[in-house]
1. Please compute, over every Cα-Cα pair in segment A:2-259, the percentage with a separation greater than 26 angstrom.
2. Would you mind ranking A:ILE144, A:ILE8 by Cβ crowding within 10 Å, fewest neighbours first?
3. So what's the projected area for segment B:56-179, the Cα convex hull averaged over all directions, in nm²?
4. Among the trypsin sites (Lys or Arg not before Pro) within segment A:127-191, which fall in a DSSP loop and have no more than 10 other Cβ atoms within 10 Å of their own Cβ?
5. Can you divide the C-alpha Rg of segment B:2-91 by 2.2 N^0.38 Å and report the result to two decimal places?
6. So what is the diffusion coefficient of segment A:18-92 in µm² per second by Stokes-Einstein at 20 °C and 1.002 mPa s, using a Kirkwood Rh over Cα pairs?
7. Which longest run of chain A has no exposed loop site in it, a site being GluC sites (Glu not before Pro) in a DSSP loop with at most 12 other beta carbons within 10 Å, and the site itself not part of the run?
8. Would you work out the relative contact order for chain A, in percent, from Cα pairs under 8 angstrom that are 6 or more residues apart?
Amino acid sequence: MLIIGERINTSRKEINEAVERKDANFIKADVRAQVEGGAQIIDINAGSRAGSETEDLIWLIDVIQEAVTVRLSLDSSDPGCLMDAVERVRDLPMLNSTTAEKKRFEAMTPVIQKRECEVVALCMDDRGIPKSVEHALENAGRLITDLESLGVKKERIYLDPLVQAVSTDSLTGLKAFETIERMSKEFKGVKILCGLSNISYALPERRIVNRAFLTLAMLAGLSAALLDPLDKGIMGNLKATEALLGRDDYCMDYIRAFREGRLGD
Amino acid sequence: MREVDTMEEELKRAFLAMKRQEVIDLVKKEIESGTELLDILKACRGAMEEVGKRFETGEFFLSELIYSAEVFKAVSAILEPGLVSTREDEDSKGVVVFGTPKGDIHDLGKNIVITMMRSQGFTVHDLGVDVPPETFIKELQRTEASILALSALITPAFVSMKEAVSLLEEKGMRDNIFVIIGGGVTTDFARKEIGADAQTLDPTEAVRLCKEYGERRS
């Protein structure tokens with residue numbers, strides 16, 4: 001499982017304040033902790049800072065690259081912002097994200113062509129967020145074809161099935177797992193990424209729902225997750241699931257995480 | 001620091017860090033530089049002994065014990081071809097006949113103890129599971145082993161353990177064979193009932209008890 005650390009998001013109060021006062025040390029300490037916790041990529045989202053998003057994103061990239069050597073994911077719905085920021089990234093950037101919406105894809109095209117990158121592809125199109133498994137798969141197929149025609153290698157595409165809340169439609173979970181399973185079978189080589197928190201929207205004790213979702217999504221074929229690596233509960237859940245899925249020889253990784261105090265309830 | 005480290009220390013560090021490739025590389029380096037194969041083997045045994053101790057105290061987990069044993073097996077496979085002549089006779093810590101007695105088919109514990117024993121220099125003849133008492137006796141006679149180890153997880157095995165001990169007495173072999181039992185259901189009470197010499201639930205202790213027997217004997 002590829003772990004993408006989600007903490008550097010200006011919609012979180014303490015991150016917003018740190019960006020506001022240009023507190024590089026605060027940001028550096030946070031990303032160091034995320035990497036120690038197991039993050040392999042750091043996601044950066046300054047989308048809440050309309051007006052200064054590009055400038056703030058670039059500042060964050062520079063600060064974070066001074067602190068850690070892991071790769072970065074630039075998380076913005078504004079192609080112009082990504083266009084300016086993508087050059088600052090030292091190693092293979094992840095662009096988060098494009099969709100199959102005509103205008104959005106067209107606007108993202110020059111960014112994707114600007115340099116080699118990984119691309120998160122949200123499986124929605126101009127009809128909106130897919131309601132059915134078939135619709136999601138159709139969007140996925142089109143996104144893969146279109147991205148490949150721009151020169152993006154299969155293994156650098158991360159499909160996001162766009163999971164919705166189970167509180168409003170009790171079949172949401174099942175649909176998500178079926179989508180993930182079929183994506184992993186029908187689009188070999190492509191990766192599948194999920195946010196973990198939509199599923200639990202408007203339910204109490206959301207963390208419990210998120211963890212159960214992660215376990216089942218991993219079984220279905222999830223290959224990457226955007227999460228908080230400092231949350232020992234979800235990380236413990238992830239490590240245990242990896243071991244149960246036969247991806248952790250002799251449970252070494254699980255045991256190491258235990259010794260380093262990275263497992264929790 | 002590194003250059004003053006002895007081979008023993010380096011190997012132990014790699015073993016305890018669960019670094020399979022590092023252990024193998026170190027072993028190959030020592031072979032190339034002409035170190036006696038038996039000395040390398042002994043150093044690896046020392047490291048395994050430490051792994052066993054840490055497992056006994058609860059610091060290490062079962063998967064680490066099994067992993068280390070696998071690493072040790074890999075090392076043995078490298079050293080063995082050059083060792084064959086010395087190993088069996090001069091260096092063996094003792095010959096053991098081991099099996100899960102008739103009535104039981106569990107072998108996880110048995111296999112762990114066997115791997116530990118082999119890594120500590122014992123020659124072990126593994127008869128597998130659901131082994132009838134007579135088969136144990138025949139194997140003891142054939143191999144001239146001095147230790148009979150019986151492991152079980154469920155109680156039906158007690159009957160055949162007892163039969164095996166009775167057969168040893170009948171054949172006049174009892175005084176020359178150390179009988180050790182172990183595994184889930186065994187207790188000291190069961191040991192007395194069966195007439196075995198030792199009982200344990202701990203792999204490291206099993207190896208130690210057999211070593212101590214060997215020392216008393218020689």
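1. Cα-Cα pairs in segment A:2-259 separated by more than 26 Å: 40 percent.
2. If I rank by nearby Cβ atoms, fewest first, I get A:ILE144, A:ILE8.
3. 8.5 nm²
4. Sparse-neighbourhood loop trypsin sites (Lys or Arg not before Pro): A:LYS188.
5. 1.07
6. 172 µm²/s
7. A:1-115
8. Rounded, it is 16 percent for chain A.
No lab work stands behind these numbers, since they all come straight from the coordinates. This one's a predicted model, so the numbers in the text were calculated from it and none came from an experiment. Don't worry about glycine lacking a Cβ; one is built from the backbone with ideal geometry, like all the others, and counts go over all protein chains shown.
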